[in-house]
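Colleague: Take this structure first; my questions come after.
Only the coordinates and a few stated rules stand behind these numbers; no lab work does. Everything quoted here is computed from the prediction, not taken from an experiment. Here the Cβ is made from the backbone with ideal geometry for all residues, glycine too, and neighbour counts use every protein chain on show.
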Amino acid sequence: MERAFYEGETFKNENFESGKLEFGDYENCEFIDCTFNKLKLSRFSFIDCLFQSCDLSLCKIDDTNFNDVHFEKCKLLGLRFEQCNKILMKIRFTNSDLELCTFIEMDLQSIDFGASDLKEVDFTLANLQKADFRGCNLERATFVQSNLAAADFRNATSFKIDPEDNKIRGATFSPHNLLGLLSKFEIKVE
């Protein structure tokens, strides 16, 4: 299959659910208020792209290249980011909904989750050193043997992190959210 190449294009109010997005490489492109819901984006390449107010829920992203991609106010339910092409992968999120996404065994050093909703996200065995979780909702998020060294959890909510099972040296927490580190011990703090 021949690959298309788009550079510097803006796609606005497009519904790509029916497969209208041409297979290929998208560089320095903007996708604004677009719907990709359940689209197969496998082996697509997005470089220096912005997705703003888009719905990419349940998309297939096997071997997809996300290099310097920003998701802002996007809905990304159920994406399996560990299936992406990890070479040169660089992503960041701002005020997005990533419920039920997985980042298993990924190297996500210094990733910025920008006050996003990370309900039931799986970070098992992920390297999240210096990750920015400030203002994120981490309800039922899974941290198992994750490296959270120097990560920033200030004003993050609803997380439960076992300090005996995860590396947390140098991580930053707000005084009001320390209970998320103590839940394993079933103690009361009044």
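Colleague: Which value in nm describes the separation of the simple spin-label points at E120 and T94, placed 7 Å from the Cα toward the beta carbon?
Modeller: 2.9
Colleague: Count neighbours as other Cβ atoms within 10 Å of each site's Cβ, and list the GluC sites (Glu not before Pro) in the range 69-167 that are DSSP loop with at most 11 such neighbours. Before the final figure, lay out the partial values.
Modeller: Details: sites: E72, E82, E99, E105, E120, E139, E164; in loops: E99, E105, E120, E139, E164.
In loop regions of the range 69-167 (DSSP not H, G, I, E or B), the sparsely surrounded GluC sites (Glu not before Pro) are E164.
Colleague: Please say if the range 1-101 is rounded, prolate or oblate, where rounded means a/c under 1.5 for a ≥ b ≥ c the square roots of the C-alpha gyration tensor eigenvalues, and otherwise the choice is prolate for a/b larger than b/c and oblate otherwise?
Modeller: Rounded, since a/c falls under 1.5.
Colleague: Using a ≥ b ≥ c from the Cα gyration tensor of the chain (square roots of the eigenvalues), is it rounded, prolate or oblate, where a/c under 1.5 gives rounded and otherwise the larger of a/b and b/c decides, a/b for prolate?
Modeller: prolate
Colleague: Sequence neighbours fewer than 8 away in the same chain don't count; with that in mind, list the lysines whose C-alpha is under 28 Å from K73.
Modeller: Within the straight-line limit of under 28 Å, K73 reaches these lysines: K12, K20, K38, K40, K60, K86, K90, K119, K130, K160.
Colleague: Rank these for me by crowding, L179, L77, going from fewest to most other beta carbons within 10 Å.
Modeller: Going from sparsest to densest Cβ surroundings: L179, L77.
Colleague: Which stretch or stretches of the range 18-33 have amide N atoms under 11 Å from the point lying 7 Å from Y6's Cα along the Cα→Cβ direction?
Modeller: From the range 18-33, the list is 20-32.
Colleague: Rank the residues K119, K86 as a footprinting-exposure proxy: fewest other Cβ atoms within 10 Å of their Cβ go first.
Modeller: Lowest to highest Cβ neighbour count: K86, K119.
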